[in-house]
Amino acid sequence: MKKTYITLAIIFLLILGAYSYFKGFYNTAVSLQESVTQQWGNVESAYQRRADLIPNLVNTVKGYAAHEKETLEAVVKARAQATQTKIDANNLTPEQLQKFQQSQGALANALKSLLLVVERYPDLKADQHFLELQSQLEGTENRINVERNRFNEVVSKYNKHIRVFPNNLMARMFGFEPKPYFQAAKGAEKAPEVKF
């Protein structure tokens, strides 16, 4: 009789231990997954801020450089494409993130072209409204970089949690998939060439 109680107590403790472990894994994974989703929202918010600044910037430049129509249209088109690229953070795949990065990269390149055009217009460069918009745009680019870095940090914690053994077995069982990271744009490893 005593052996039966001991056996039942051991079985109960093993079941309780397994339950606690599974519960701990699952709750931590859900919490980390929610952190990834929240941080993705912060990334999107930073990109949206940039998109919101562009119409004012384009209108200001248009007033000084009306014959730069091609460049202005390229910026407006790139903005439209970038704002149409939406991603569900819960189903984030490397392909979706790459598509998002490409559309945002195209917008960044169009903005660089616009700012190069501005160099030809000293009156525009001195315009207080333009200077303020340019400053806000620079600040927004910094925010985007910070939010992307924070996103990668949160993704790293989540991915580590679901990929270590034996968590990887439970992650498969519960359907937790690794999330992709933001990557540097192609060609970013090469230093820009400066010519005088």
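Each reported figure results from applying straightforward, stated rules to the coordinates on display, with no laboratory input. The model shown is predicted, which means the values in this text are computed figures rather than measured ones. Every residue, glycine as well, gets a Cβ built from its backbone with ideal geometry; the counts of neighbours run over all protein chains shown.
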Check: Between GLU68 and residues 5 or more places away or on another chain, which pairs have amide H atoms under 5 Å apart, with H built 1.01 Å from N, and which residues are they?
Finding: none
Checklist line | Student exercise, segment 25-174 dipole from Lys, Arg, Asp, Glu Cβ charges, in Debye to nearest 20 | finding: 500
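Enumerate the helices in the chain for which the Kyte-Doolittle hydropathy averages 0.0 or more and the C-alpha atoms extend at least 15 Å along the helix's axis, using complete DSSP H runs. Could the numbers behind the result be given before it?
Details: long enough: 2-64 (93 Å, 0.09); 69-84 (23 Å, -0.52); 94-118 (36 Å, 0.14); 128-163 (52 Å, -1.20).
Counting only whole DSSP H runs, the qualifying helices are 2-64, 94-118.
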Checklist line | Sequence-distant aspartates and glutamates (8 or more away, or on other chains) whose Cα lies within less than 18 Å of LYS112 | finding: ASP52, GLU68, GLU70, GLU73, GLU132, GLU138, GLU141, GLU193
Item checked: Cα→Cβ-extended label distance, 7 Å offset, between GLN84 and TYR181, nm -> 3.2
Item checked: Inter-label distance, nm, simple model (7 Å from Cα along the C-beta direction), LEU169/ARG49 -> 4.6
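Sorted by packing (mean other beta-carbon atoms within 10 Å per residue), highest first, where do 97-103, 85-91 land? Mind showing how you got there, number by number?
On the way: 97-103: 16.7, 85-91: 12.6.
Ranking, from highest mean packing down: 97-103, 85-91.
Where does the longest stretch of the chain lie that holds no GluC sites (Glu not before Pro) found in a DSSP loop with 14 or fewer other Cβ atoms within 10 Å? Spell out each step's value before the answer.
Numbers: sites that count: GLU119, GLU189, GLU193.
Counting at most 14 other Cβ atoms within 10 Å as exposed, the longest clean stretch of the chain is 1-118.
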